[in-house]
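*Asks:* Have a look at this one.
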Amino acid sequence: MIEFLTQPWSWWFSGIVIVSIMFFLLYFGKSFGFSSNLRTICSASGVGKKVKYFDFNWKRQAWNLVFLVGAVIGGFIANQFMSNGDPVLLSEATISDLSALGFSRPNSIQPEELFGWEALLTLKGFLILAIGGFLVGFGARYAGGCTSGHAISGLADLQIPSLIAVIGFFIGGLIMTFVIFPLIF
Amino acid sequence: MKFIKFLLVGVVFGIVMAKSEALSWFRIQEMFRFQSFHMYGIIGTAVVLGALGVAVIKKLKMHDNEGNQIIFYPKAKSVVRYIIGGLIFGLGWALSGACPGPMVVNIGYGYLTMTVVFFFAIVGTFVYGVIKDKLPH
């Protein structure tokens, strides 16, 4: 049991847990979509008075903010009590591709070159994190959902718009990976 | 107290994002390079089981805990907004290695620099809200 908890979980078990979360939320009359929180946070900060898009009763979305807080706690628990400290089980092909771009072999779950404090204190490092976040937040609302809302909930409901959005996610991801990465790294 | 269940399911979400390694920038790179089945297996399992479950919910007209029928609202029909919005999202997903959920899980996990990513995701959402009517949808 301890070993099961501290080892990385298999893809099929992880998939079952994720879809269970979706059904749990459906049973409680909610829908699984994480990026709505970004809009809710804007609305809760009071900008709805100036921008119509944020003028809605955000308190109806409070449950999702509570879910967000839970997710932060879950990350903390996973690291403190359920981690064996091993680096991510990345394929050798990816390790080799990334080393050609200047990334060292993983020794944790995130590259120090991007998420270490030293990286953040450089202009390039800061811009990568800031622009990456900006594009995710902007794109998620433009597309009307993120991975949970479109790729999981939407595809499970066989929604064509969600399929189009997921295709868009991949076009963007492939352009970044194969066109832009060689230019910036 | 009615929110405690959402807190707990959020904790489970955070744990599964961490234990599946879906919160890792490396794993997202591996996915976009088609060098492992792992991420496809996670999403694929969730989608296949999700589709079966949603079909059953619709067929049996199942109800939620408050007795309301569970309804799935069709998303607005469009191609432009989903392709362009999705593409912008995908650029950011590959660059930061995180979609909105995993961003906050990373913060809890101890990657505090991810706070910058999350903050700018909020800024991105805000800017979308401001210029929304000028964009093709």
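Please treat every number below as a calculation from the coordinates, not as lab data. Keep in mind the model is a prediction, meaning the values are calculated, not measured. Positions of Cβ are backbone-derived with ideal geometry, glycine not excepted, and every protein chain shown enters the neighbour counts.
*Asks:* Enumerate the helices (runs of 4 or more DSSP H) found wholly within the stretch B:13-128, keeping only those where 2 or more residues are out of contact with any His (no Cβ under 6 Å at 6 or more places or on another chain) and among the charged types (D, E, K, R). Lay out the reasoning, then the answer.
*Replies:* Working: elements: B:25-32, B:38-59, B:80-96, B:100-109.
In the stretch B:13-128, B:25-32, B:38-59 are the helices (runs of 4 or more DSSP H) which contain 2 or more residues that are out of contact with any His (no Cβ under 6 Å at 6 or more places or on another chain) and among the charged types (D, E, K, R).
*Asks:* Hey, among A:L101, A:L163, A:L123, which residue is without any contact (Cβ under 8 Å) to a residue 12 or more places away in the chain, within 23 Å of B:S36 (Cα to Cα) and more than 8 Å from every other protein chain (Cβ to nearest Cβ)?
*Replies:* On the way: A:L101 fails: without any contact (Cβ under 8 Å) to a residue 12 or more places away in the chain; A:L123 fails: within 23 Å of B:S36 (Cα to Cα).
Residue meeting the stated conditions: A:L163.
*Asks:* Just to verify a result, which residue in the stretch B:31-66, among those that are of a type in the set (G, A, S) and under 19 Å from A:F32 (Cα atoms), is surrounded by the most Cβ atoms within 10 Å (Cβ to Cβ)?
*Replies:* The initial filter retains those residues of the stretch B:31-66 that are of a type in the set (G, A, S), namely B:36, B:41, B:44, B:46, B:50-51, B:53, B:55.
Pick out the ones that are also under 19 Å from A:F32 (Cα atoms) and you get B:44, B:46, B:50-51, B:53, B:55.
Details: B:G44: 15, B:A46: 28, B:G50: 26, B:A51: 15, B:G53: 17, B:A55: 13.
The selected residue is B:A46.
*Asks:* Which number in (1) in a helix (DSSP H, G or I); (2) buried (at least 19 other Cβ atoms within 10 Å of the Cβ); (3) facing chain B (nearest Cβ under 7 Å) marks the one condition that A:S153 misses?
*Replies:* Only one criterion is unmet by A:S153, namely (3).
*Asks:* Could you count how many residues in the stretch B:96-137 are surrounded by fewer than 24 Cβ atoms within 10 Å (Cβ to Cβ), among the polar types (S, T, N, Q) and either facing chain A (nearest Cβ under 7 Å) or touching a residue at least 12 places away in the same chain (Cβ under 8 Å) (or both)?
*Replies:* 1
*Asks:* Find the residue count for the stretch A:1-57, including only residues that are in a loop (DSSP other than H, G, I, E, B), closer than 30 Å to A:N84 by Cα and aliphatic (A, V, I, L, M).
*Replies:* 1
*Asks:* Anything in the stretch A:26-41 that is without any contact (Cβ under 8 Å) to a residue 12 or more places away in the chain and surrounded by 17 or more Cβ atoms within 10 Å (Cβ to Cβ)? List them, or say none.
*Replies:* Within the stretch A:26-41, just A:L26 meets the criteria.
*Asks:* Right, next: Select, from A:A44, A:A78, A:A62, the only residue that is within 22 Å of the chain's Cα centre (by Cα) and buried (at least 21 other Cβ atoms within 10 Å of the Cβ). Before you say what the answer is, go through the steps one by one.
*Replies:* Working: A:A44 fails: buried (at least 21 other Cβ atoms within 10 Å of the Cβ); A:A62 fails: buried (at least 21 other Cβ atoms within 10 Å of the Cβ).
Every option except A:A78 fails the conditions.
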